[in-house]
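Everything below concerns the one structure shown next.
Each value in this text was obtained by applying a stated rule to the coordinates, not by laboratory testing. Keep in mind that this is a model prediction, so the values were computed, not measured. FYI the Cβ positions are ideal-geometry reconstructions off the backbone, even for glycines, and counts take in every protein chain you see.
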């Protein structure tokens, strides 16, 4: 029997105005924006709906903004009656997935990712770290490159293993620069520097992980009601203690997105519904499996279209 996964986007998918039309027309969705402002004690909603984009893109704003918008969209999509067999999210999106799975409340989730964003921004001062996307090189070859450079004293590691031929590296500015040069020598087609405020998912995030632990310790984390595919291990997790440890580890470990998608496919998932702004994850799923069915819901119109398409499929 075919199964459904809900997947939630990570940082980079934020756009000014996301979720606005839904909040204006559907009160239960709007309630999440109100709750976010109250919990964070600053006008996040105004920033999401009006910008500026430069302010919204700051890690400490982008993370709660994306979680809030994705959960608001999911609230509307609930009317379809469709429930997932599994959930997963890319980096920040894992927190959204955990809210969706009932592992912790929306309010606790939005506060945690706001603090997570602050800790990530502060972990490496003066923008001394960065990230770059490497296209057209397999993970084994790229890992050999990054290991060699790290051993020479310039830290660089695999950060996001997104799909075949698309891997993000992270580390010191020099490490990432050398990583890009060596990756091209090893056969990479392109290396694209990323506009980020730090070297996320690298060992340089360990100070942030320790601060995050203190926040997670204060949260009421419970067992997930739906299995969550963890970024760190690409395996199912639902136990509360494991969830906390994996979220801490996730901050300085690679996001195993390609393996996570493959795991869901192996578990019988045939349909992936991306809930949140953009279609980044849908594209990555298609690169892992051409036969997977993907949908992206980001507003009232796309929710209705996907509901109709899924109803057609069940007839």
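Could you give the length gained on full extension between residue 38 and residue 305, defined as 0.36 nm per residue of separation minus the Cα-Cα distance, in nm?
Answer, rounded to one decimal: 92.9 nm.
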Using only alpha carbon pairs under 8 Å that are at least six residues apart, calculate the relative contact order of the chain and give it in whole percent.
-> 23 percent
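Between residue 270 and residue 194, 0.36 nm times their residue separation minus their Cα-Cα distance comes to what? Don't skip to the end; give the middle numbers.
On the way: separation 76, 0.36 × 76 = 27.36 nm, distance 3.16 nm.
Result for the pair: 24.2 nm of gain on full extension.
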Hey, for a label at residue 82 modelled as a point 7 Å past Cα toward Cβ, could you say which residues of the range 1-30 have their backbone N under 18 Å away?
-> 1-9
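Would you please classify the overall shape of the range 125-197 from the alpha carbon gyration tensor, given that a ≥ b ≥ c denote the square roots of the eigenvalues, rounded means a/c under 1.5, and beyond that prolate means a/b larger than b/c while oblate covers the rest? Kindly include the intermediate steps, with their values, before the conclusion.
On the way: a/c = 1.81, a/b = 1.29, b/c = 1.41.
In terms of gyration-tensor shape, oblate.
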Helix 240-250 axis, angle to the chain major axis (alpha carbon atoms, nearest 10°) | 40 degrees
Quote the FRET efficiency, to the nearest 0.05, computed for residue 239 versus residue 206 with a Förster distance R0 of 22 Å and r equal to the Cβ-Cβ distance.
-> 0.40
Expressed in nanometres to one decimal, the distance between label points 7 Å along Cα→Cβ at residue 54 and residue 291 is 5.0 nm
Each label point is 7 Å from the Cα along the Cα-to-Cβ direction; what then is the distance between the points at residue 107 and residue 21, in nm?
-> 3.2 nm
Residue-averaged 222 nm ellipticity for the chain, from DSSP H runs of 4+ at -39500 (n - 2.57), nearest 500 | -15500 deg cm²/dmol
The extension gain from residue 31 to residue 186, computed as 0.36 nm times the residue separation minus the Cα-Cα distance, is 50.7 nm
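Evaluate 2.2 N^0.38 Å with N set to the residue count of the chain, then give the Cα radius of gyration divided by it.
Details: Rg = 18.8 Å, N = 315, 2.2 N^0.38 = 19.6 Å.
My calculation over the Cα atoms of the chain gives 0.96.
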